[in-house]
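Remarks on the structure that follows.
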Amino acid sequence: MTQQTLAIIKPDAVGKKCMGEVVRFIEQSDLRITAMKMIRMTKAEAEGFYAVHRGKHFFDSVTTFMSSGPCVVMVLEGAEAIARWREMMGLTDPGKAAPGTIRAKWGSSIEKNVVHGSDAPETALFEVRYFFSEMEIIGGKE
Ligand code: CMP
């Protein structure tokens, strides 16, 4: 099934100048980038994005980190895009991520883990809409 998912290249990756390599990694996969922009979230915007994690011990830290510098937000599209992107990212903790995955290659901690991806169709819908209007997403098939 063709799906959309939301991908974020996080401030650690932008800071260590590997965002180009992450984009290249996506371009070499079977997923298409159908929207992309660089943003800098305020703390309140990061809190809104990660609202499902409110109350967890890492909530303040991750929202501070996500608003500490620029991010690249993207919509990825393709067959089973949600699971496919999660597979490409690897596990949340880079130390546990499979070799060859993005987090294993460039991640430095469970927080500074390079990328984010939606975890289910409902969250993908919320997350894509959080950053993009319909007009900003390339539609149709190539
Ligand atoms: P992400 O997939 O963006 O979703 C929530 C983020 O919180 C996660 O990646 C990590 O960057 C961050 N985080 C920090 N500590 C933890 C933790 N113990 N468990 C899960 N996520 C964490």
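The values are calculated or read from the model by the stated rules, or taken from the named source; none is laboratory data. Worth saying up front: this structure is predicted, and the values here are computed from it rather than measured. Using ideal geometry, Cβ is built from the backbone for each residue, glycine included, and neighbour counts are taken over all protein chains shown. Surface areas here come from the heavy atoms of the whole protein model, side chains and all, with no ligands, DNA or RNA. Shrake-Rupley method; radii C 1.70, N 1.55, O 1.52, S 1.80 Å.
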Q. Consider Arg84 against the criteria (1) open to solvent by 60 Å² or more (accessible area, probe 1.4 Å); (2) within 16 Å of the ligand (Cβ to nearest atom); (3) part of a loop (DSSP other than H, G, I, E, B): it satisfies all of them except one. Which criterion is unmet?
A. (3)
Q) If you scan the range 102-142, which residues turn out to be within 11 Å of the ligand (Cβ to nearest atom) and β-branched (Val, Ile, Thr)? A) Ile110, Val114, Val115, Thr123
**Q.** Candidates Phe59, Phe49, filtered to the one that is surrounded by 16 or more Cβ atoms within 10 Å (Cβ to Cβ), among the aromatic types (Phe, Trp, Tyr), within 14 Å of the ligand (Cβ to nearest atom) and within 18 Å of Arg129 (Cβ to Cβ)
**A.** Phe49
(Q) Anything in the range 8-31 that is open to solvent by less than 50 Å² (accessible area, probe 1.4 Å), more than 14 Å from the ligand (Cβ to nearest atom) and assigned to a loop (DSSP other than H, G, I, E, B)? List them, or say none. (A) Cys18, Ser29, Leu31
Q: Looking for whichever is among the polar types (S, T, N, Q), part of a helix (DSSP H, G or I) and either out of contact with any Pro (no Cβ under 7 Å at 6 or more places or on another chain) or touching a residue at least 24 places away in the same chain (Cβ under 8 Å) (or both) here; the options are Thr5, Thr92, Thr64, Thr34. Which one fits?
A: Thr64
